[in-house]
Amino acid sequence: MHFSRRTDWNTDTTPLARALAERRSSGQAVVDLTVSNPRRCGIPLPEQFLQPFLDPAVLDYDPDPRGQRAARQAVAAYYAGRGVSVEPEQMVLTTGTSEAYSFLFRMLCDPGDSVLVPVPGYPLFDYLADAESVQLVPVPMLRDHGWHLDWQQMEQSVTPRTRAVILVHPNNPTGHFTPAEESGQLFAFCRRHGLALIVDEVFLDYALESTLAPTLAPTPEADACSFLARQGSVSLFVVSGISKILGLPQMKLAWIVAAGSEPERQQALERLEVLADTFLSVSTPVQVAVRRWLPEAAVVQQQIGQRIGGNLAALDAALAAQPVRWVSRLEAQAGWYAVLRIPALHDDEEMALRLLERGVWVHPGSFFSMPSTGWLVVSLLTPEPEFGAGLRLLLESVAAMAEAAGSR
Ligand SMILES: Cc1ncc(COP(=O)(O)O)c(C=O)c1O
């Protein structure tokens, strides 16, 4: 049998994943600071979320390639509630954002074409791009009082085969919003090079409130708003979905909103419709239910916001109480994660392995394409008791390692 080059992945278990599996199977305790599945994190969902499944409409099958119009209207109402005007006709529903990305890659790229992705960022893109034979070009951002696109690097990374830029707004894991001013430069960059702009806004509703994190200056509204509210005549595709908006990753519903210049926008929607029609993958029950769920988003988001705010306050208190401040955190404006700066003693995977040996499981920063030493990422959605216990283990372990290294 012949395998495609695009699936020629290294499928070996990583040393880190192997160590975690071994530790768990031997019954040793692990405090998991990477959990971000809202159900597993004990975020309660409103009981009425089950009710839509009793609606006989869930058993009907009347597929619309772009997704049921009533479901798209509910998404448009969600945006209207955030002051953004979007028409149901501008939208295609997908099963999760991964499918949204794969549709966009297929629509925009021929095999071997490239897409620029500022890093650090979300790691799933690599496999999605491989699966569509698209080359992802990581473009490191600059970190200087926040994160910024590096225009020199962006310019140097464009080739005649570049087709798009992907931006995660707010970014995961850094939690920064792309400021309004920078998006203006980005629109100009895309226009100049004839590129589409794909903006992933799955965390848009999770701005950290400065009251919860008093070290933060409030994010200006213009910086925290959707790209759909920003002016720029480029082909813009905003991707979002209910895995974060409603804390329902298991329901697999996301969307692409096409905006920007005509006639490209209409042409793009027609092509996306054919792609979606080829799969018709979004289930009827979830399209029926989302009309009833989206108006309740604030209930879920409040629970998640409380968890994140509580853990962030606990994190800041624990960091401030360190006898020696070996660990600090990067300021963030939004999202579900905290990025920790630690002494650059070992590369991050080795550090994560050593922390696991002491009973705490964290993401190495390199998982999100952070520089390879000195960074860890923890989930602020972790249930509070585990978060506190994991943090104590982490801080004690890092301090012990740093002190041992210092006395050598
Ligand atoms: C930036 C970003 N986009 C998309 C997703 C996943 O979304 P979905 O579950 O809709 O595929 C994640 C998951 O963590 C994410 O971090």
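FYI, it's all coordinate maths here, none of it is from the lab. No experiment lies behind these values; they were computed from the predicted model shown. Cβ coordinates were reconstructed from backbone atoms using ideal geometry, including for glycine residues, and neighbour counts include every protein chain displayed.
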**Fill in**
Connecting every pair of Cα atoms under 10 Å apart in the chain and solving the GNM, the largest mean-square fluctuation among ASP60, ASP113, ASP150 falls on ASP60
**Prompt:** Packing-wise, with mean Cβ within 10 Å as the measure, how do 260-266, 364-370 rank, highest first?
**Reply:** 364-370, 260-266
**Asked** Dipole magnitude of segment 58-296 about its Cα centre, charges +1 at Lys/Arg Cβ and -1 at Asp/Glu Cβ only, in debye to the nearest 20?
**Response** 140
**Item:** Gaussian network model of the chain, Cα within-10 Å springs - most flexible of SER235, SER397, SER114
**Value:** SER397
**Message:** I need the shape label for segment 58-296. Rule: rounded when a/c is under 1.5, else prolate if a/b > b/c, else oblate, with a, b, c from the alpha carbon gyration tensor.
**Reply:** oblate
**Asked** By its C-alpha gyration tensor, with a ≥ b ≥ c as the square roots of the eigenvalues, how is the chain shaped: rounded for a/c under 1.5, else prolate for a/b larger than b/c, else oblate?
**Response** prolate
**Prompt:** Between SER283 and ARG23, what length comes free when the chain is fully extended (0.36 nm per residue of separation minus the Cα-Cα distance, one decimal in nm)?
**Reply:** 89.8 nm
**Prompt:** What order do you get for HIS363, HIS145 when you list them from fewest to most C-beta neighbours inside 10 Å?
**Reply:** HIS145, HIS363
**Asked** With the contact rule set at Cα under 8 Å and sequence spacing of 6 or more, what percent relative contact order holds for segment 58-296?
**Response** 28
**Item:** Expected 222 nm ellipticity per residue - DSSP helices of 4 or more, -39500 (n - 2.57), all of the chain, to 500
**Value:** -12000 deg cm²/dmol
**Request:** Please give the peptides 287-293, 323-329 ranked by average Cβ packing (other Cβ atoms within 10 Å per residue), highest first, as a rough proxy for protection.
**Result:** 287-293, 323-329
**Request:** Could you calculate the contour length gain from ALA70 to ARG341, that is, 0.36 nm times the residue separation minus the distance between their Cα atoms, to one decimal place in nm?
**Result:** 93.0 nm
**Item:** FRET E, pair SER372, ALA317, Förster distance 30 Å, beta-carbon r, rounded to 0.05
**Value:** 0.55
**Item:** Gaussian network model of the chain, springs between alpha carbon atoms under 10 Å - residue of ALA76, ALA29, ALA180 with greatest fluctuation
**Value:** ALA29
**Request:** May I ask you to compute the full-extension gain from MET1 to LEU59, defined as 0.36 nm times their residue separation minus their alpha-carbon distance, rounded to one decimal in nm?
**Result:** 16.8 nm
**Request:** Answer rounded, prolate or oblate for segment 319-407, using the Cα gyration tensor with square roots of eigenvalues a ≥ b ≥ c: rounded when a/c is under 1.5, else prolate when a/b is larger than b/c, else oblate.
**Result:** rounded
**Interchain or long-range residues, amide H under 5 Å from ALA334's placed H** = LEU208
**Request:** For segment 60-142, run through the chymotrypsin sites (Phe, Trp or Tyr not before Pro) and keep only the ones in DSSP coil with at most 14 other Cβ atoms within 10 Å of their Cβ.
**Result:** TYR61
**Fill in**
Counting only DSSP beta bridges with both partners in segment 58-296, the antiparallel fraction in percent, to the nearest 5, comes to 40
**Message:** Explain nothing, just compute: Karplus ³J(HN,Hα) = 6.51 cos²θ - 1.76 cosθ + 1.60, θ = phi - 60°, for every residue of segment 134-141 in order, whole Hz, x for Gly and Pro.
**Reply:** 9, 8, 8, 10, x, 10, x, 7
**Request:** Could you list which residues have their amide H under 5 Å from that of SER261, counting only those 5 or more apart in sequence or on another chain, with H placed in the peptide plane?
**Result:** VAL234, SER235, LEU236
